[in-house]
Amino acid sequence: MKLEELRQIRERAAKELSLRKGDARVKVVVGMGTSGIAAGARDVMAAFLDEISVRNLSDVVVTQTGERGLASSEPMVEVHIEGEQTVTYGQMTAERARRVVVEHLVNGNAVSEFAIEVRG
Amino acid sequence: MHCRLDVLVCSGAACVSSHSADVRLALAREIEAHGLSDEIRLVETGCMGPCELGPVLLVYPDGAFYIQVKPEDAVEIVEEHFLKGRPVQRLLWETPDARKITEQKKLVPFFEKQHKIVLSNCGQIDPENIDEYIATGGYEALGLALTEKSPQELIETMVSSGLRGRGGAGFPTGLKWRFVAQESGPTKVVVCNADEGDPGAFMDRSLLEGDPHSVIEGMEIASYAVGATRGYVYVRAEYPLAIRRLNHAIDQARAHGLLGSDILETGFSFDIEVRIGAGAFVCGEETALIASIEGERGVPRTRPPYPSTSGVFGHPTLINNAETWGNIRHIVLKGADWFSSIGTPDSPGTKVFALSGKVVNTGLVEVPMGTTLRELIYDIGGGIPGGKAFKAVQTGGPSGGCIPAQHLDTPIDYESLKRLGAIMGSGGVIVMDEDNCMVNIAKYFLEFTCDESCGKCVPCRAGTRQMLDILVRITEGEGRPEDIDRLRSLGQTIVETSLCGLGQSAPNPVLSTLEHFGDEYQAHIDAGKCEAKVCTALIRFVIDDEVCKACDKCRTVCPVSAISGKPGTPPYRLDSEVCVRCGRCVEACPFGAIRVESGSAN
């Protein structure tokens, strides 16, 4: 192995460790309270994780939060991007999750169609 | 699938002993049962530090730090935290102001005051996965050294960094490298001393268990700098987990072309062999260690010649302690100026300590040199448990000395500790409170060194035995007025005339306690009084008739039937002639009616 190959391993392996660094650019927070889960939040989260992996995004963390109180809009998802406004999406589905990854996380355009709150 | 949670399970020896493997298996089972295996990664790491609170877990990205986790907690952790995102409050480490810690483990004072260089990967990466080490910049320093630096440059970097040996004596590392580099000869050897023998010390073990590659990389860089081709890690058989992880790391490094022949395809070759010691304290002394590597009996020899001239099998040999090796790659990557900006001018960098004894947070910590003993014991260690008063702190293990309360604000560096009659040593820190008898403590350490003396030189072999006999006599109430002077002069002679470091430092615990706690010795000898009520020959148990309710509990627990009386009808009597001072009656009495007395005054 040459030094360049070592550096390639590092680049690849560093992605695996990004969770422990706490310096992710994007944070996706999925509401996983009882009503969120009942409304299908698990599928939404799985879709996020899968799409992020397919697109090889290394600076994104996906995490969960509890009940927000707006049960009718569950499953809800918040997207925090460094230096940008925080967007909350409502009535999410697996399909909508994939669209948020492509349009918002990759291309930087919030999906206004199912955004229910923008703040910050 | 994109992994969303990293669950780090501490698998250092302390957590393994408190069954962290069962916790990990239970978590794995629950994660599987909830169909979360693809999105949650369970990682076994080295020691995270707070050994007292094990098994411990650290969950990223939230940074939640769980303590004293049991296998049966796995269901709740997985369902509540991993699935629903609600960290299990009752298992989180509580800060002193009772604010539960969910956001970041770094908010806990235990972690907040630390500065981790050597331990930066311990508890953060999987020590059995070389990719995780590489991800943190591992082997980059080796690559830089081999491709861009000359051996001379590396030695100069070490010299100007000011790094000093972390094994105890504090000899400048760069100078050692220079001495070996200046030697000629076709074969030179590099050795890692991981024969950590001090009772209560576990710095080297934790480093080898938690980040073995950092030690390997440090040795490789040095081998290139001094022109060595062979390396040995000398580690004791009592550290099976460290040995296993080290061997595993060596195999992985070889398979990656990072160790062995033609390292990183630069033409440079160096290989490492692990030598397992039988656990003799004297083998931490470099010449005894070399003899042991050669297959000889582990006894020291006179120096010169120093190992840098004639070491393993007569070859010029560079020996550094495991923690010293752990510093090397960081200095190569970040530079000598960066390193010397940490700590104090004479003692740059950080030091790893194993905190034990009468302190709330026992465990493994790394602090900048110059941190005071008070910060170490009270801020990081959390103070003395049970509201007891601090009495002394022993640094440097059985070769070290006891430092009393009035010196708590002493900064930790090689010279300051030496001035107080203690030493830095390898980093063992044992805290003592009011319940410790200093004469008894000195006796305990001397018993250890007396037992571990290899017997080669008279002062150590016979002298420590003489001192021990006197200490035993004092603790048994048969001390003589001349004993204190006798101990002093014997101690001085042993320090001055012993062959190796073991004998030269063995009297330290006695000499330092004589210096700082001389009145305790005096009370034992003159008044037969042990203030801490530890020395069994000098204490007696007395039943206070005014408090005793004749409940009979003491009589039933006494193993030698020293207590007599009838339930419900006081008085109860305790026969001091029969009593073996086991203390069970004191623990059993619900009314505190049994007093412990010492000294002729009572």
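A few points about this structure:
- From least to most packed, judged by other beta carbons within 10 angstrom and beginning with the fewest, B:188, B:70 follow the order B:70, B:188.
- Expected-Rg normalisation [2.2 N^0.38 Å, Cα atoms] applied to the stretch B:478-525: 1.19
- The stretch A:15-120 - convex hull of the alpha-carbon atoms, volume per residue in Å³: 94 Å³
- Whether the stretch B:410-462 is rounded, prolate or oblate, judged on the alpha carbon gyration tensor where a/c under 1.5 counts as rounded: oblate
- Checking the Cα-Cα distances for B:149/B:188; B:116/B:358; B:70/B:116; B:443/B:533; A:27/B:334 against a 22 Å cut-off, the pairs over it are B:116/B:358; B:70/B:116; A:27/B:334.
- Exercise: per-residue mean of other protein chain Cβ atoms within 10 Å, A:1-8: 6
- In sequence order, calculated HN-Hα J values of the stretch B:243-255 (Karplus, 6.51, -1.76, 1.60; Hz; x Gly/Pro): 5, 4, 5, 5, 4, 4, 5, 4, 4, 5, 4, 4, 4
- Sequence-separation-based contact order of chain A, relative, with Cα cut under 8 Å and 6+ spacing, percent: 27 percent
- Helix-only [θ]222 nm of chain B, DSSP H runs n ≥ 4, -39500 (n - 2.57) each, per residue, nearest 500: -10000 deg cm²/dmol
- For the stretch B:121-223: rounded, prolate or oblate by the Cα gyration tensor [a/c cutoff 1.5]: oblate
- DSSP bridge analysis restricted to the stretch A:1-105 gives an antiparallel fraction near 55%, rounded to the nearest 5.
- Stokes-Einstein translational diffusion, the stretch B:444-602 - Kirkwood Rh over all Cα pairs, 1.002 mPa s, 20 °C, in µm²/s: 120 µm²/s
- Rounded tilt (10° steps) of B:438-452 against the dominant C-alpha axis of chain B: 50 degrees
- In chain B, the inverse of the mean reciprocal separation of distinct Cα atoms equals 26.2 Å; this is its Kirkwood hydrodynamic radius.
- Averaged over peptide A:58-65, the number of partner chain Cβ atoms lying within 10 Å of each residue's Cβ comes to 4.
- When you filter the GluC sites (Glu not before Pro) in the stretch A:18-120 for DSSP loop state and at most 13 other Cβ atoms inside 10 Å of their Cβ, you are left with A:82.
- Placing one equal scatterer on every Cα of the stretch B:544-602 and applying the Debye formula, the log10 ratio I(q)/I(0) at q = 0.26, 0.27 Å⁻¹ is -1.17, -1.25.
- In whole angstrom, the stretch B:118-179 maps to an equivalent ellipsoid with semi-axes of 26, 18, 8, each derived as √(5λ) from the alpha carbon gyration tensor and ordered largest first.
- Euclidean distance of C-alpha centroids, the stretch B:150-170 and the stretch A:1-65, integer Å: 41 Å
- Average silhouette area of the stretch B:350-433, convex hull of alpha-carbon atoms, in square nanometres: 4.5 nm²
- Summing Lys and Arg as +1 and Asp and Glu as -1 over all other residues whose Cβ lies under 11 Å from the Cβ of residue B:162 gives a net charge of -1.
- Inter-centroid distance (Cα atoms) of the stretch B:531-595 relative to the stretch B:322-366, Å: 49 Å
- At q = 0.15, 0.21, 0.23 Å⁻¹, base-10 log of I(q)/I(0) for the stretch B:183-289 (Debye sum, equal scatterers on each alpha carbon): -0.62, -1.10, -1.25
- Loop-located GluC sites (Glu not before Pro) across the stretch B:541-602 with a Cβ neighbour count of 16 or fewer within 10 Å are B:546, B:577, with loop assigned by DSSP.
- Taken over the stretch B:130-340, the alpha-carbon convex hull comes to 112 cubic angstrom per residue.
- Radius of gyration and maximum dimension Dmax of the stretch B:42-89, Cα, Å: 10.7, 29
- Per-residue shielding of A:29-35, expressed as the average number of other chain Cβ atoms within 10 Å of the residue Cβ, stands at 2.
- Rounded to 10°, Cα long-axis angle of helix B:322-334 versus longest principal axis of chain B: 40 degrees
- Extent of the stretch B:283-335 along its three principal axes (Cα atoms, max minus min coordinate, largest first): 40, 19, 16 Å.
- Rounded to 5, the percent of DSSP beta bridges in the protein assembly as shown classed as antiparallel: 60 percent
- DSSP bridge orientation in chain B - percent antiparallel, rounded to nearest 5: 55 percent
- Two-decimal log10 I(q)/I(0) for the stretch B:438-527, as the Debye equation yields it once each C-alpha is a single scatterer, q = 0.18, 0.22, 0.25 Å⁻¹: -0.67, -0.98, -1.24
- Taking every alpha-carbon pair under 8 Å whose residues sit at least 6 apart, chain B reaches a relative contact order of 11 percent.
- Residues whose amide H falls under 5 Å from that of residue B:274, counting only those 5 or more places apart or on a different chain, are B:233, with hydrogens built in the peptide plane.
- Cα-based helix-to-principal-axis angle, A:3-16 vs chain A, degrees rounded to 10: 20 degrees
- Radius of gyration and Dmax over the Cα atoms of the protein assembly as shown, both given in Å: 29.8, 93
- Calculated FRET efficiency for the pair residue B:406/residue B:582, C-beta based, R₀ 35 Å, to 0.05: 0.50
- With the cut-off at under 19 Å, measuring from each backbone N in the stretch A:6-28 to a point 7 Å along the Cα-to-Cβ line of residue A:59 picks out A:10-28.
- Under-5 Å amide H pairs with residue B:318, H placed in peptide plane, nonlocal only: B:189, B:190, B:191
- Mean-position separation - Cα centroids, the stretch B:216-276 and the stretch A:76-105, in angstrom: 48 Å
- Of the chymotrypsin sites (Phe, Trp or Tyr not before Pro) in the stretch B:501-602, those whose Cβ has at most 12 other Cβ within 10 Å and which sit in DSSP loop: B:591
A short reminder: the numbers here are calculations on the coordinates, not readings from a lab. Note that the structure is predicted; figures quoted are calculated from it, not measured. No Cβ is skipped: glycine too gets one built from the backbone with ideal geometry, and neighbour counts run over all protein chains shown.
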